[in-house]
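The values are calculated or read from the model by the stated rules, or taken from the named source; none is laboratory data. This structure is a prediction, so every number in the text was calculated from the model and none was measured. With ideal geometry, Cβ positions are generated from the backbone for all residues, glycine too; neighbour counts draw on all protein chains shown.
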Amino acid sequence: MTKPYLILGMVFFIIMHLGVAFAAAFFLHQLFGLELGSVSNIALASLVTIILALLLSRLLLKQTMTSRYALVVLAYIIMQTGLALGSSFFLHTTFGIDMESGVNVGLSSLITFSIGLIVILLLLYKDKEMGGGLPGEKTTTLETVSWSIVGVFLVFATQMVAGLIETYVFGIEAGSDNTAVLVEFANQFLPFIFVIAILGPIIEELVFRKAIFGWLYVRSNFFVAGLVSSLIFAVIHFDFEHLLIYAAMGFSFAFLYVKTKRIIVPIISHIALNSFVVIVQVLLYDEIMKMVEPASFIHNLIGLIIQ
């Protein structure tokens, strides 16, 4: 390993553990009432952080596929908990930005996801050379481009079919609460779009497809690995009403990964899907509403005339 890689790895290892320390302090406060900043809270949070750092260091030294992918998942958990809380708290205490505001959520997410992506990429550095990835030959450049294009339509079609099943078979109303919340924050802080459309999909594919699905796939089969990773992918979005849609999307992304042996293909499809949602519901929403209102008026008028 090169010296710059090791130095960068150490820097972000420390940053991630600052997130662990903050998460530990916060949960000690919530669970046991230990006041944030008190000696007992700091001491216990530091102890938890040191123990976890030692355990993670042992995993890093092993350099096996299992240890690397376990660290990727742990990095994702830390990113979504301690690092997110720490970033939000820092913005609040330093710049006075309300922790529940769209600006705080957007900025803290940009910080958190950027750091998380760098850490995950460092963990997966030369993953293939060290026994990682899926078995089999990767697709050629032309095949990869072709599957990337096909994958976009496949994922859109899968989501549409799953949505129709939810609506007409299970009677679930269309529309995702999770998406609605993200769109609301994006409307309050436009740069948050970058997290939804780019950073989020990249990280989720590296965690759920490359790490979780990839680890399970080489030890079981496509169905088992796809089912487990897709269900985790669905649950992590906290939108349980639309579990079928998220699970179906997870299977689609997994299929693209297995078919090409290149994680970039499901990443492109995931980015395309999220970008479409952002464009339609955030950037072009007002223009679309202007076009929909006259169309609805004409439709209703025609209905009255026919009656």
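Things to note:
- A residue that is on the phi > 0 side of the Ramachandran plot and either at pLDDT 90 or above or in contact with a helix residue (DSSP H, G or I) (Cβ under 9 Å, 6 or more places away or on another chain) (or both) occurs nowhere in the stretch 77-85.
- Residues (surrounded by fewer than 19 Cβ atoms within 10 Å (Cβ to Cβ) and in contact with a helix residue (DSSP H, G or I) (Cβ under 7 Å, 6 or more places away or on another chain)) located in the stretch 43-59: Leu44, Ser46, Val48, Leu52, Ala53, Leu59
- Scanning the stretch 124-142 for any residue that is surrounded by 16 or more Cβ atoms within 10 Å (Cβ to Cβ), part of a helix (DSSP H, G or I) and not assigned by TED's automatic domain parsing to the domain that holds Phe13 turns up nothing.
- Among the residues listed as Leu216, Leu190, Leu206, the single one being touching a Gly at 6+ places or on another chain (Cβ under 9 Å) and modelled with pLDDT of 95 or more: Leu216
- Of all the numbered requirements in (1) in contact with a helix residue (DSSP H, G or I) (Cβ under 9 Å, 6 or more places away or on another chain); (2) part of a helix (DSSP H, G or I); (3) of a type in the set (A, V, I, L, M, F, W, C), Leu34 misses one, and that requirement is (2).
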